Amino acid sequence: MKLATTLTILALAFIVTVILAPISIPLLRRLKFGQSIREEGPKSHMKKAGTPTMGGIIYLIAIILTTVGVGSYLDLFTTYTVVLLLVLVGFGLIGLLDDSLKVVFKRNLGLTSLQKLIGQIAIAVLAYFLLHGSFDTSIAIPFTDWTIDLGIFYVAFLIFWLVGFSNAVNLTDGLDGLVAGTASIAFAAFGVIALFQEQADIALFTFAVTGALLGFLLFNANPAKVFMGDTGSLALGGALAMISVLVKAELLLLLIGLVFVIETLSVILQVGSFKLRKKRIFKMSPIHHHFELSGWSEWKVVLVFWSTALAVALIGVLSEAFL
């Protein structure tokens, strides 16, 4: 894929998002799709109550239109494209239902964890069967030439990977612009890796996501005019994990998606510590709230996390290029 084509994809997804957002945000507000803030969260977030949520649907539409349109025009609409759109839309629909229930019942709880898990597993299994028979079931160990072939057990890994990172990105979505920024960096990194591998169909999708997220960031950065909601975060996490699978750099996602990993670990450690010792490790989890309650401004937390995401993404890309 040429540089001009890549920039065109980025620009197209960006422009579609920027056009859709000013139309969608007032509509979400009129429909009273406002965010409910959990009472146990930082008190400074109470002023965000009522900000339109479900904004993820804005960039999901932009991604779909760009991927399908450009993919059809350049003859890059493949099985991999279908699988990526399946995961993106499938996980997005789970998030949309979750967000809708929160709005209807005016609370910060939508679907139960079990309900979301069942839906996520079903989509992961469907993705596996779409790939089954023509897909490498080995996993590469980053920074080495070693691989481990999981064989039939790869389906269990795929389920764990998609569900795990979908929820990891969802946990990270707690500050204005945090996920939009970190996710756009991670998708761009895997887009470059896809270009290295000459997988233009995957690169098309990743750069469509990157462009759409950058467009969304104009409206989601502090102070946010719209939140992505579970509609957006669950979709992004699932799609990011699926891309790492398709470029056969699964475990590299632990590095490129380090911010999401740390956020998830902070929740696991906090819950585990409280249950076992009745003591908390952090002032609040996920860890971005810990930094807020330690006196950092929301912008400082976001900028530090963006910088971390950029640093590990560069390391990940360089490792694929030169090692």
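The values are calculated or read from the model by the stated rules, or taken from the named source; none is laboratory data. Because the structure is a prediction, the values reported are computed rather than measured. Virtual Cβ from ideal backbone geometry, glycine too; neighbours counted across all protein chains shown. Note: areas computed on protein heavy atoms with side chains; ligands, DNA, RNA excluded. Shrake-Rupley method; radii C 1.70, N 1.55, O 1.52, S 1.80 Å.
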*Of the numbered conditions (1) modelled with pLDDT of 95 or more; (2) buried (at least 20 other Cβ atoms within 10 Å of the Cβ), Thr53 satisfies every one except a single condition; which is it?*
(1)
*Within the stretch 101-129, track down each residue that is in a helix (DSSP H, G or I), of a type outside the set (Gly, Ala, Ser) and open to solvent by 80 Å² or more (accessible area, probe 1.4 Å).*
Val104, Phe105, Leu114, Gln115, Ile118, Leu126, Phe129
*asked:* For the condition open to solvent by 20 Å² or more (accessible area, probe 1.4 Å) and either of a type in the set (Gly, Ala, Ser) or more than 21 Å from the chain's Cα centre (by Cα) (or both), what is the one hit in Ala140, Ala194, Ala180?
replied: Ala140
*Looking at (1) assigned to a helix (DSSP H, G or I); (2) over 24 Å from Ala189 (Cα atoms); (3) open to solvent by 70 Å² or more (accessible area, probe 1.4 Å); (4) not polar (S, T, N, Q), which is the one condition that is false for Phe291?*
(3)
*Do we find a residue being part of a loop (DSSP other than H, G, I, E, B), in contact (Cβ under 8 Å) with a residue 60 or more places away in the chain and closer than 23 Å to Ala188 by Cβ anywhere in the stretch 302-312?*
no
_Would you confirm, using the coordinates I've provided, whether Thr264 is of a type in the set (Ser, Thr, Tyr) and open to solvent by 10 Å² or more (accessible area, probe 1.4 Å)?_
yes
_Among the residues listed as Phe135, Phe207, Phe165, the single one being more than 29 Å from Val18 (Cβ to Cβ) and either open to solvent by 10 Å² or more (accessible area, probe 1.4 Å) or aliphatic (A, V, I, L, M) (or both)_ = Phe135
*Can you tell me which residues in the stretch 56-68 are within 15 Å of Leu10 (Cβ to Cβ) and either open to solvent by 40 Å² or more (accessible area, probe 1.4 Å) or polar (S, T, N, Q) (or both)?*
Leu65, Thr66, Thr67
_Going by what's in this entry, would Ala188 be described as of a type in the set (A, V, I, L, M, F, W, C) and not in a loop (DSSP other than H, G, I, E, B)?_
yes
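For every residue, the table says whether it meets (1) in contact with a helix residue (DSSP H, G or I) (Cβ under 7 Å, 6 or more places away or on another chain); (2) open to solvent by 10 Å² or more (accessible area, probe 1.4 Å); (3) more than 15 Å from Leu171 (Cα to Cα).
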site: Leu218; (1), (2), (3): yes, yes, yes
site: Lys225; (1), (2), (3): yes, yes, yes
site: Ser233; (1), (2), (3): yes, no, no
site: Val245; (1), (2), (3): yes, no, yes
